[in-house]
Structures are given as structure tokens and as C-alpha cells.
Amino acid sequence: VEEAQTAAAILGRNYPDSQWYADSYKLLQSGGIEPRENPRSWISRAGAKLIGAYPMLVQLSIRDIVLIERLDLDFEAGLSVLTGETGAGKSILLDSLSLALGGRGDGGLVRHGEDKGQVTAVFDVAGQHPARLMLRDNGIDDDGDLIFRRIQSADGRTRASINDQPVSVQMMRQ
């Protein structure tokens, strides 16, 4: 148990009662990871298994949202940190991601002088992840990465799609 707690803490989650903790402990056990091994190796192996178990943001594209005309960010496995001075735009990135995932839209998010703004978030999701199952149940193609796209019009209207298929904002939130 101490080793699983250590792995959870090192990987950024130290919540013993959480589902994440339970999943990490099960993965440690199922992978035959012996706590007496070199700590770096079993923690690395546990981390690699856990990364595959949870969705990962691999790309964020923003067009004409607030001050951003065009921005494309690619993320790799591991920890990504957003840093910058006050007013640098960190909150705009997070608000844009929230919009792509079904967060509240508003015409005021569209960059001044533009008719619409768009946010696209691409996720690498394991094959049997509940999000893929939900998409299949709703007749939405789930091959490859999952692409969440939200188009926000300056007049307040919004359109949402997953893998280029129209969906309700409510479905995006699930």
C-alpha cells in the first residue's frame, strides 16, 4: 500500500479514497510490479500503465477566441505546465478547453471583429474507455483520436461536434 501511495503522490494524485488511487493500486498488482524492485523502475512502469488508462489531451487549436487569432498547441506524454505573467493568456487557454468540452459559451468569447471563434481539442483515449462506449452507443464514429470541436458565433449561437459529427453540448459534457 505504501508503494501505491508513493506512486500516486509522485504522479500528482494523493487521494487515498479516490477512484484514481484504486485504479493505480489495481494496475500495480495486475502488472506484477513488485514494490521491492528499484523504485524508479516500478514507478515508471506504473506511470506508463496509468497514462494509457486515462484520456490525454494531445492537441488544442484555438481560432478567434478572445485575444487569440490562431494558436495550435501539441502536447506529448508527461506533464505539461502553463506558465506566464499575469495577462499572458493562461486563463484563455483553459476557458477555450472548457468550451471545447461543453462549457458555457458566450458571444463575448469571439475575438473582436470576427463572426465566430472555434476551439478544437484532440484526445488520445483508450479503446474501451467509457467515452468511446458512449459515442458508439450514440452512433458516432470513434476510430482514432477523439476530436471535440466547438464553434461559437458572435451572436451567441454555438455548434458542437465530436469527430466531425454534430452533437449536443450536453453530450460533450458527458
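Structure summary
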| quantity | calculated |
| --- | --- |
| Failed item in (1) open to solvent by 40 Å² or more (accessible area, probe 1.4 Å); (2) touching a helix residue (DSSP H, G or I) at 6+ places or on another chain (Cβ under 9 Å); (3) more than 20 Å from Gln59 (Cβ to Cβ), with Leu133 passing the rest | (2) |
| First in the stretch 118-129 and farther than 23 Å from Asp95 by Cβ, second anywhere and open to solvent by less than 40 Å² (accessible area, probe 1.4 Å), Cβ under 8 Å, 6 or more apart | Ala126/Arg132 |
| Members of the stretch 112-130 that are closer than 17 Å to Asp64 by Cβ and out of contact with any Leu (no Cβ under 7 Å at 6 or more places or on another chain) | His112, Gly113, Glu114, Asp115, Lys116, Gln118, Thr120 |
| Check on Val66, open to solvent by less than 60 Å² (accessible area, probe 1.4 Å), modelled with pLDDT under 90, touching a helix residue (DSSP H, G or I) at 6+ places or on another chain (Cβ under 7 Å) and over 19 Å from Ser168 (Cβ atoms) | no |
| Output for the stretch 131-163, where each listed residue is assigned to a loop (DSSP other than H, G, I, E, B), out of contact with any strand residue (DSSP E or B) (no Cβ under 7 Å at 6 or more places or on another chain) and farther than 18 Å from Leu67 by Cα | Asn138, Gly139, Asp142, Asp143, Gly144, Arg157 |
| Tally of residues being under 16 Å from Ser98 (Cβ atoms) and either open to solvent by 60 Å² or more (accessible area, probe 1.4 Å) or modelled with pLDDT under 95 (or both) across the stretch 156-174 | 6 |
| Residues of the stretch 86-130 that turn out to be part of a loop (DSSP other than H, G, I, E, B), surrounded by 15 or more Cβ atoms within 10 Å (Cβ to Cβ) and either out of contact with any strand residue (DSSP E or B) (no Cβ under 8 Å at 6 or more places or on another chain) or modelled with pLDDT under 90 (or both), as a count | 4 |
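The values are calculated or read from the model by the stated rules, or taken from the named source; none is laboratory data. Because the structure is predicted, anything quoted here is derived from the model rather than measured. Counting neighbours? That spans all protein chains shown, and the Cβs are built from the backbone with ideal geometry, glycine included. Just so you know, the surface numbers come from the protein's heavy atoms only, side chains and all, with ligands and any DNA or RNA stripped out. Shrake-Rupley method; radii C 1.70, N 1.55, O 1.52, S 1.80 Å.
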